[in-house]
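What follows is calculated from the coordinates using simple rules that are stated; it is not laboratory data. Every value quoted in this text rests on a predicted model; they were computed, and no experiment measured them. Every residue, glycine as well, gets a Cβ built from its backbone with ideal geometry; the counts of neighbours run over all protein chains shown.
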Amino acid sequence: MATAFYSHPDCLLHDMGPWHPECPDRLKAIEDQLIGSRIDALIEREEAPLASEIDLARVHTQAHIDFVRQCQPAEGRAEVDPDTLMCPHSYQAALRAAGAAIAATDAVIEGRYDNAFCSVRPPGHHAEPARAMGFCFFNNIAVAARHALEVHGLQRVAVIDFDVHHGNGTEAAFAGDPRVLMCSFFQHPFYPYSGADSQAPNMVNVPMPARTKGMAVREAVDLLWLPRLDAFKPEMIFVSAGFDAHREDDLGNMGLVEDDYTWLTQQIRAVADRHAKGRIVSSLEGGYNLSALGRSVVAHVRALADI
């Protein structure tokens, strides 16, 4: 078996404007680095299908799904919130992004792949059950995790979020659900100004100050994440893989480098090997410095594929 790499050309068509950091060039930068690193031939390519409204409704309200669909303009761009816009192709791209995570979940649970990475956009972890925000329309990882629980009948899944921003949407979807353990670190105080207070018992949120570097993150993972994950014994792990905590990324102010993403992924793999038959589905969230993003994704995928 191998590591699958899910994407789709539709994800390049979502365009929020030439000024917007969440741009189509993000996926192109990842492709360039995969080819340049010579690991492109060592992963299995898959095209993302479209998520259905039934899939989305496991996390999102029908009113929210209808709102996002109706916001899509026939031409130009429509504002959903001050930093989240739709073009005529955005709804299709959002369905592909969620569909990738669902298809990857099916493939990994069915044993066709050991694990998978979804190189998709728009991202998802800020999307709450009834609210689009923070560049996100539907919560790709939350939809996939709920699919694993409700369609495949898994009893326990973990969600790991290492984006520089707190995954407020994922927390809103799963807070208090004993079937889900969510572990995250994020810069704080920082957008979306959540996650540090009133944590539900199944949330392991680790707020970290600006300029935190990789060794402090590794220590927090060792001390706070890993004991909870081992006690929980997840049957599958889902990763909201944001790379904007990289020291070169101007949308955050943390100090991680590629080796830190390799280490994080290795720790996640080790937990998955101990408890979850190695099953991991990871999906792209943030990461806006194109060079750092591409290099970091290569580090992440190398560690997933153990190459």
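Points to keep in mind about this one:
- Distance from the Cα centroid of the stretch 18-93 to that of the stretch 153-170 is 19 Å (rounded to whole angstrom).
- With helices as the sole contributors, the chain gives -11000 deg cm²/dmol at 222 nm; each DSSP H run of n ≥ 4 counts as -39500 (n - 2.57), and the sum is divided by every residue.
- Potential extension, Arg211-Arg77 segment - 0.36 nm per residue separation minus Cα distance: 44.7 nm
- Extension gain, Ala41-Leu224: 0.36 nm per intervening residue step, less the Cα-Cα distance, totals 62.2 nm.
- Loop-located trypsin sites (Lys or Arg not before Pro) in the stretch 10-80 whose Cβ has at most 13 other Cβ within 10 Å (DSSP): Arg38
- Once the Cβ-Cβ distance of Ala175 and Ser52 is raised to the sixth power relative to R0 = 30 Å, the FRET efficiency obtained is 0.75.
- Residues in the stretch 232-258 that a label on Asp306 would reach, taking backbone N under 20 Å of a point 7 Å out along Cα→Cβ: 234-239
- Each of the chymotrypsin sites (Phe, Trp or Tyr not before Pro) that DSSP puts in a loop and that has at most 15 other Cβ atoms within 10 Å breaks the chain; the longest unbroken stretch is 20-192.
- Membrane-span-like helices of the chain, defined as complete DSSP H segments with a Cα extent of 27 Å or more along the helix axis and a mean Kyte hydropathy of at least -1.0, are identified as 90-109.
- GluC sites (Glu not before Pro) within the stretch 30-112, DSSP loop, no more than 12 other Cβ atoms inside 10 Å: Glu75, Glu110
- Dividing the radius of gyration of the alpha carbons in the chain by their Kirkwood radius gives 0.92 for Rg/Rh.
- Gain on full extension, evaluated as 0.36 nm per residue between Thr262 and Ala200 minus their Cα-Cα distance, stands at 19.4 nm.
- Among the trypsin sites (Lys or Arg not before Pro) in the stretch 202-307, those placed in a DSSP loop whose Cβ has at most 11 other Cβ atoms within 10 Å are Arg211.
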